[in-house]
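The values are calculated or read from the model by the stated rules, or taken from the named source; none is laboratory data. Keep in mind it's a predicted model, so treat the numbers as computed, not measured. Methodologically, a virtual Cβ is constructed for each residue, glycine included, from the backbone with ideal geometry; neighbour enumeration extends over all protein chains shown. Just the protein is used for accessible areas: all its heavy atoms, side chains included, with ligands, DNA and RNA removed. Shrake-Rupley method; radii C 1.70, N 1.55, O 1.52, S 1.80 Å.
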Amino acid sequence: MATPTTSRLLPALPSRPPRASSSSSSRSPTQLGPSRRPTSRLRCSLQPVEAPPPPGKGGEYRPSFADDLLLAFFRAKMVEEVGWDSQKPGYAGLIEVANRLMNKGKSALETEQSAVRVLQALFPPLLLVLFKALLAPIANGQLASVMVARATALSCQWLMGTCSVNSVTLPDGKSLSSGVFVEKCKYLEESKCLGICINTCKLPTQTFFKDHMGVDLYMEPNFEDYSCQFNFGVPPPPLDTDKALKEPCLDICTSARRRREIGSNGRSDDGLCPQV
């Protein structure tokens with residue numbers, strides 16, 4: 001017996017309509033399958049994230065964990081010198097200790113000497129001796145000046161705020177990248193006192209670098225915008241010609257405001273800080 005053919009046993013299948021010959025690239029977004037959404041919808045669903053501005057570019061300096069350790073270490077050395085600590089934490093407490101250091105000294109010179117001892121305590125004694133003996137004499141002090149400028153800019157932003165290395169003019173007329181420019185000194189801004197700036201920062205820092213590291217330093221604070229220029233490798237002028245010591249009290253100084261009020265009642269006030 002003959003075997004029936006497949007075409008006779010299976011029912012006829014309906015024929016499919018011919019597939020469109022156009023490519024998938026010509027389809028509109030509404031013709032895509034559910035697994036291929038328009039890329040424009042993906043972009044709309046994502047919110048742009050703005051990175052925080054880095055220090056020194058559009059934002060104030062943000063202390064790191066290492067900066068907090070440096071602040072605590074510096075404050076501990078200042079507390080040892082003063083013999084007193086503030087109940088306030090962080091930078092606010094440091095400023096109160098600096099005020100106590102300022103008021104403890106019987107004279108501006110005594111306050112300066114106390115601040116120099118604080119700076120000395122931050123370094124191993126042998127390190128200072130070796131730096132002054134071996135590195136400071138190289139190239140007439142230019143190598144040491146460049147080194148301390150970079151070290152200052154890297155390690156002291158927690159104290160002063162955003163700063164950067166720049167070029168300064170040396171006494172011989174040459175230009176050297178041994179300067180540090182502080183955009184807005186946090187120490188001056190928070191202390192609100194010209195006397196604290198001069199007697200616990202400017203003068204003792206200049207003395208410390210010269211006497212204990214063999215590096216000349218001339219600091220030029222600007223009491224209008226609170227910036228400060230460090231000039232490593234440049235000797236400071238005599239005290240009687242240093243313009244920073246002839247500046248009037250800051251407008252934000254509460255003591256200066258009280259003195260101005262007293263002056264308006266008939267007592268004279270030349271505007272100079274009595275603590276300088």
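Would you pick out the residues in region 129-143 that are touching a Gly at 6+ places or on another chain (Cβ under 9 Å), more than 13 Å from Ser177 (Cβ to Cβ) and not basic (Lys, Arg)?
Phe131, Ala133, Leu135, Ala136, Pro137, Asn140, Gly141
Going by what's in this entry, would Lys88 be described as over 26 Å from the mean Cα position of the chain (by Cα), in a loop (DSSP other than H, G, I, E, B), farther than 17 Å from Met219 by Cα and without any contact (Cβ under 8 Å) to a residue 40 or more places away in the chain?
No; evaluated as a whole, the condition is false for this residue.
From (1) free of Cβ contacts under 8 Å to residues at least 12 places away in the same chain; (2) under 25 Å from Arg75 (Cα atoms), pick out the condition that doesn't hold for Gly173.
(2)
How many residues are open to solvent by 20 Å² or more (accessible area, probe 1.4 Å) and either in contact with a Gly (Cβ under 8 Å, 6 or more places away or on another chain) or more than 28 Å from Ser64 (Cβ to Cβ) (or both) if we restrict to region 147-172?
7
Can you say whether Glu190 is under 21 Å from Phe74 (Cα atoms) and among the acidic types (Asp, Glu), as far as the supplied structure shows?
yes
Residue-by-condition table, conditions (1) open to solvent by 80 Å² or more (accessible area, probe 1.4 Å); (2) modelled with pLDDT under 80:
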{"residue": "Met219", "(1), (2)": "no, no"}
{"residue": "Glu224", "(1), (2)": "yes, no"}
{"residue": "Gln229", "(1), (2)": "no, no"}
{"residue": "Pro236", "(1), (2)": "no, no"}
{"residue": "Asp240", "(1), (2)": "yes, no"}
{"residue": "Ala244", "(1), (2)": "no, no"}
{"residue": "Ala256", "(1), (2)": "no, yes"}
{"residue": "Ile262", "(1), (2)": "no, yes"}
{"residue": "Ser268", "(1), (2)": "yes, yes"}
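Being in contact with a Gly (Cβ under 8 Å, 6 or more places away or on another chain) and assigned to a helix (DSSP H, G or I) is the filter here, so list the residues in region 173-188 that pass it.
Lys186 - this is the single residue of region 173-188 that is in contact with a Gly (Cβ under 8 Å, 6 or more places away or on another chain) and assigned to a helix (DSSP H, G or I).
When the residues of region 73-90 are filtered to those that are surrounded by 17 or more Cβ atoms within 10 Å (Cβ to Cβ) and not charged (D, E, K, R), which remaining residue is farthest from Cys201 (Cα to Cα)?
Looking at residues that are surrounded by 17 or more Cβ atoms within 10 Å (Cβ to Cβ) and not charged (D, E, K, R), I get Ser86.
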